[in-house]
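Trainee: Input: one structure, supplied below.
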């Protein structure tokens, strides 16, 4: 890691579902111990309402966290220690020296809350693993 406070960027195409849930969980679980960003290669107009509802079920208020789709900028990638992609494939920029992980997850776009819940739960599991790796003293 380049800093004492790891910096993580979650990227998906619309920045309205998977990356918002991942950023929400990481912010909620790690607090200010990890710098968290999310972005999309083609951001939507708003966060998926089923995603907002599913996260609210586990006590995470994405609106209160200021969640909104944002365009992926090269500077965010360059500043990150870990970039986690979720379905953006070759659209995500690559920078040598940056660690990349690709989380293969179903896309919640157009899905109801019943379909979003298992995606949410898998993201939480992966985020908890990421925290254990980045902040080993916290586990």
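The values are calculated or read from the model by the stated rules, or taken from the named source; none is laboratory data. Note that the structure is a prediction, hence the values are computed from the model and not measured. Glycine also receives a Cβ, built like all others from the backbone with ideal geometry; neighbour counts cover every protein chain displayed.
Trainee: Within region 80-103, how many residues turn out to be at pLDDT below 90 and either out of contact with any helix residue (DSSP H, G or I) (no Cβ under 6 Å at 6 or more places or on another chain) or crowded, with 19+ Cβ neighbours inside 10 Å (or both)? Let's see the steps before the verdict.
Mentor: If we filter region 80-103 for residues that are at pLDDT below 90, which is where we start, we get 87-98.
Subsequent filtering for residues that are either out of contact with any helix residue (DSSP H, G or I) (no Cβ under 6 Å at 6 or more places or on another chain) or crowded, with 19+ Cβ neighbours inside 10 Å (or both) retains 87-92, 94, 96-98.
Residues that pass the stated criteria total 10.
Trainee: Taking residue 29 and the conditions (1) surrounded by 20 or more Cβ atoms within 10 Å (Cβ to Cβ); (2) under 15 Å from the mean Cα position of the chain (by Cα); (3) modelled with pLDDT of 95 or more, which numbered condition does it fall short on, given that it satisfies the others?
Mentor: Result: residue 29 passes all but (1).
Trainee: Has region 33-44 got any residue that is at pLDDT 95 or above, over 19 Å from residue 88 (Cβ atoms) and more than 15 Å from the chain's Cα centre (by Cα)?
Mentor: yes
Trainee: Limited to region 100-120, what total is found for residues that are under 13 Å from the mean Cα position of the chain (by Cα) and in a helix (DSSP H, G or I)?
Mentor: Here the count works out to 2.
Trainee: Moving on. Show the residue pairs that are 6+ apart or on different chains and have beta-carbon atoms under 7 Å apart, the first residue being within region 121-133 and under 16 Å from residue 37 (Cα atoms), the second being in a helix (DSSP H, G or I) and at pLDDT below 95.
Mentor: Close Cβ pairs satisfying both conditions: 131/138.
Trainee: Of the residues 76, 50, 54, only one is outside any loop (DSSP other than H, G, I, E, B), touching a strand residue (DSSP E or B) at 6+ places or on another chain (Cβ under 8 Å) and touching a residue at least 40 places away in the same chain (Cβ under 8 Å); which?
Mentor: Being outside any loop (DSSP other than H, G, I, E, B), touching a strand residue (DSSP E or B) at 6+ places or on another chain (Cβ under 8 Å) and touching a residue at least 40 places away in the same chain (Cβ under 8 Å) holds for just one of 76, 50, 54, which is 76.
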